[in-house]
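The values are calculated or read from the model by the stated rules, or taken from the named source; none is laboratory data. Note that the coordinates shown come from a computational prediction; the quantities given were computed from them, not determined experimentally. With ideal geometry, Cβ positions are generated from the backbone for all residues, glycine too; neighbour counts draw on all protein chains shown. Protein only, heavy atoms only, side chains kept; ligands, DNA and RNA dropped before computing areas. Shrake-Rupley method; radii C 1.70, N 1.55, O 1.52, S 1.80 Å.
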Amino acid sequence: MARQRKFWGWGYEDFPLSSGMLENYTDMLKFSLGIKEFEDIPEPQIENLNLKEPRFSIPSELASICSAEVFDRASHTYGKSFRDVWRGLMGRFDHSPDYVAFPKTETEILALMRFCSAENISLIPFGGGSSVVGGVEPSKSEKYKGTISLDMRHFDQILEVDKASRSVRVQAGIFGPALEQGLKAHGLSLRHYPQSFEFSTVGGWIVTRSGGHFATLYTHIDEFVQSVRMVSPSGIMQTRKLPGSGAGPSEERLLCGSEGIFGVITEAWLRVQDMPTYKEAQTVSFDSFEKGVEACRQIAQSGLNPSNARLVSPLEALSNGLGKGTDTVLILGFESHDHELGKWMERALEICKALGGYWKVKEKRAEGPRDKAADAWKKSFLQAPYMRDELIKMGMIVETFETAITWDQFDAFHKGVESATQAALKEHCGGGIVTVRFTHLYPDGPAPYYTVIAKGEKGRQLEQWDLVKKAASDAIIKYGGTITHHHAVGKDHQPFYEKQHSSAFKTVLKNIKKGFDPAGILNPGVLLKEEDLD
């Protein structure tokens, strides 16, 4: 029997979260925030949900692929941000989609688009539903008769493997684990592992410009996209499978980051790699965050291109089983299919040592040295979304935001964003914790990823977080960063995204949207305001 996913939160209902990890984390929160006791918010039960009746009827030719079941509608109402999980936990499903469609062919997708365009019904493409920016949430506007969520789960096949070109053609609804399992049989890997990997799809990665786990060189899905096939209300768009092209603006790049407002991606050719054979890993500690930052800059500009170069601030390191809570930790890793990596690691460690970095020498084993601290981080990384759900059930506000900034601006940027977020936490929550890590490194700058934790006021956690989030987002824009490095825009970031891009680009974006989707039914409110489409 298939495992059941939560309709209100992250992952599987029966996931065995480590009790020791949760206990350690809550002990840290008690100590750092002075918490005496936590809330105990019960999980919602599907039989207790009272969703509104669908506002329209499905025509007979689409009835076989559409569902009005409570579980289907509830589980397609939200993504997986703090805002989403908190509302789901509270049983707030006031704006669930009227139906969920499960098409199996492009013909059925086109039929859905024709119906929605004719009847003024919004249509939201849905992959794994792991959005943390309101990217799959139905419109609340009364201008639409209702909403259909278009689930791509049946588009889940590897269609063709081109080993000579190291390329693979896949359907867009395939989930990360299934893709990697299929590629493994050919000795290949996409090597793209976002934290949502288990519950996100290739199509979702492309339209949100997903960032993977690896820290340098190939970080975004953009680098892996060779060609795409998209179904839109205006027809089907298919780009050529090419290693590169200088023929005008890139069609596939146009679709990277489009967030479902132009059409539904059904297939893609992706560049894949040989499975890594050689690996090196080491954790390095620094007595100051600033020294760790400088080490990251030098490594990013060295041409070494580590697969992992994750700088973690002291408190975050402690909460994830790294460090003593006073040292900044850099997790370093190298991978290759072709050659041994000892010299690459040696040079990276030389850079770290010159800046005061220190580490424990690992014992050599037959299969090579293993870094237990890096393993602890990996385990914590994969369990983090489950941990977040448990903490929300305890009344905590737990959320992240991420950005990118050039090295010359980082110091002032970081101080400004951290200060603004701390001030907002003090004003709206009575205090809280802000931690940071670098998720990706570029020669010209890092991608800082901030975690916010605070004890919420019973029943007001959502309101409190929205105020803190606005303060943090305003600071990101003020100090020159991007509103998102890899989480996408969605509805939540749209107001800040508009401040970031030019007015000329907005006009172009509206016109492209109109060309693909004349009736404006695809994922309204994402990237562009709904009123901009009138």
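The set of residues in the range 174-197 being in contact with a strand residue (DSSP E or B) (Cβ under 7 Å, 6 or more places away or on another chain), touching a residue at least 60 places away in the same chain (Cβ under 8 Å) and not hydroxyl-bearing (Ser, Thr, Tyr) consists of Leu183, Gly187, Leu188, Leu190, Arg191, Pro194. Starting from the range 353-366, keep only residues that are assigned to a loop (DSSP other than H, G, I, E, B) and among the hydrophobic types (A, V, I, L, M, F, W, C), then list their pairs with residues that are open to solvent by 50 Å² or more (accessible area, probe 1.4 Å) and at pLDDT 80 or above whose Cβ atoms are within a distance under 9 Å, requiring at least 6 positions of separation or different chains. So the pair list comes out as Leu355/Lys291; Leu355/Glu294; Leu355/Gln298; Trp359/Lys353.
A Cβ distance below 9 Å, combined with a sequence gap of six or more or placement on separate chains, defines the contacts here; from the range 103-121, residues that are touching a residue at least 60 places away in the same chain (Cβ under 8 Å) reach residues that are among the acidic types (Asp, Glu) and open to solvent by less than 10 Å² (accessible area, probe 1.4 Å) in the pairs Met113/Asp517; Ser117/Asp517; Ile121/Asp98. Note on the range 446-478: residues that are more than 20 Å from Gly88 (Cβ to Cβ), in a helix (DSSP H, G or I) and open to solvent by 10 Å² or more (accessible area, probe 1.4 Å) amount to 6. Restricting attention to the range 120-173, the residues being of a type in the set (Lys, Arg), in contact with a strand residue (DSSP E or B) (Cβ under 9 Å, 6 or more places away or on another chain) and within 22 Å of Asp72 (Cβ to Cβ) number 2.
Conditions tested, residue by residue: (1) at pLDDT 95 or above; (2) surrounded by fewer than 24 Cβ atoms within 10 Å (Cβ to Cβ); (3) more than 15 Å from Gly263 (Cβ to Cβ); (4) under 18 Å from the mean Cα position of the chain (by Cα).
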| site | (1), (2), (3), (4) |
| --- | --- |
| Arg114 | yes, yes, no, no |
| Gly128 | yes, no, yes, yes |
| Lys143 | no, yes, yes, no |
| Gly146 | yes, yes, yes, no |
| Val161 | yes, yes, yes, no |
| Val168 | yes, no, yes, no |
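Of the numbered criteria (1) touching an Asp or Glu at 6+ places or on another chain (Cβ under 8 Å); (2) closer than 30 Å to Leu441 by Cβ, the one Lys506 fails is (2). The residues of the range 482-497 that are open to solvent by 20 Å² or more (accessible area, probe 1.4 Å) and either β-branched (Val, Ile, Thr) or within 16 Å of Ile261 (Cα to Cα) (or both), listed by number, are Thr482, Thr484, Lys491, Asp492, Tyr497. Of all residue pairs spaced 6 or more apart or on separate chains, those with beta-carbon atoms under 6 Å, a first member in the range 141-169 that is within 14 Å of Cys66 (Cβ to Cβ) and touching a residue at least 60 places away in the same chain (Cβ under 8 Å) and a second member that is of a type in the set (Phe, Trp, Tyr) and assigned to a loop (DSSP other than H, G, I, E, B) are Gly146/Phe56; Asp151/Phe102. Between Gly303, Gly333, Gly323, Gly292, the distinction of being in contact with a Pro (Cβ under 8 Å, 6 or more places away or on another chain) and closer than 22 Å to Phe410 by Cβ belongs to Gly323 only. Scanning the range 47-56 for residues that are open to solvent by 30 Å² or more (accessible area, probe 1.4 Å) and either farther than 16 Å from Ile121 by Cα or part of a helix (DSSP H, G or I) (or both) yields Glu47, Asn48, Asn50, Lys52.
Of all residues in the range 1-34, those satisfying the criterion of being more than 22 Å from Arg83 (Cβ to Cβ), in a loop (DSSP other than H, G, I, E, B) and of a type outside the set (Ser, Thr, Tyr) are Met1, Ala2, Arg3, Gln4, Asp14, Pro16, Gly34.
Residue pairs whose Cβ atoms lie under 6 Å apart, separated by 6 or more positions or on different chains, with the first residue in the range 441-465 and within 30 Å of Pro42 (Cβ to Cβ) and the second part of a strand (DSSP E or B) and of a type in the set (Ser, Thr, Tyr), are Thr451/Thr400; Thr451/Thr435. Restricted to the range 188-224, and to residues there that are in contact with a Phe, Trp or Tyr (Cβ under 8 Å, 6 or more places away or on another chain) and hydrophobic (A, V, I, L, M, F, W, C), the residue that is farthest from Gln273 (Cα to Cα) is Phe199.
Can you pull out every residue in the range 180-211 that is surrounded by 23 or more Cβ atoms within 10 Å (Cβ to Cβ) and not hydroxyl-bearing (Ser, Thr, Tyr)? Before the answer, list the steps.
Residues of the range 180-211 that are surrounded by 23 or more Cβ atoms within 10 Å (Cβ to Cβ), as a first pass: 192, 196, 201-208, 210-211.
Correct list: His192, Val202, Gly203, Gly204, Trp205, Ile206, Val207, Gly211.
Of everything in the range 212-225 that is surrounded by fewer than 22 Cβ atoms within 10 Å (Cβ to Cβ) and without any contact (Cβ under 8 Å) to a residue 60 or more places away in the chain, the residue that is nearest to Gln301 (Cα to Cα) is Tyr218. Given the criterion of a type outside the set (Gly, Ala, Ser) and surrounded by 16 or more Cβ atoms within 10 Å (Cβ to Cβ), identify the matching residue among Pro59, Pro44. Within the list Pro59, Pro44, the selection yields Pro44. Quick check: is even one residue across the range 520-532 at pLDDT 95 or above and open to solvent by 20 Å² or more (accessible area, probe 1.4 Å)? No; the residues of the range 520-532 include none that is at pLDDT 95 or above and open to solvent by 20 Å² or more (accessible area, probe 1.4 Å).
Under the condition of being over 17 Å from the mean Cα position of the chain (by Cα) and either over 23 Å from Glu457 (Cα atoms) or assigned to a loop (DSSP other than H, G, I, E, B) (or both), the residues counted in the range 77-97 number 9.
When you go through Glu259, Glu252, Glu267 one by one, which is the residue that is open to solvent by 10 Å² or more (accessible area, probe 1.4 Å) and part of a helix (DSSP H, G or I)? Before you say what the answer is, go through the steps one by one.
On the way: Glu259 fails: part of a helix (DSSP H, G or I); Glu267 fails: part of a helix (DSSP H, G or I).
Selected residue: Glu252, the only one of Glu259, Glu252, Glu267 that is open to solvent by 10 Å² or more (accessible area, probe 1.4 Å) and part of a helix (DSSP H, G or I).
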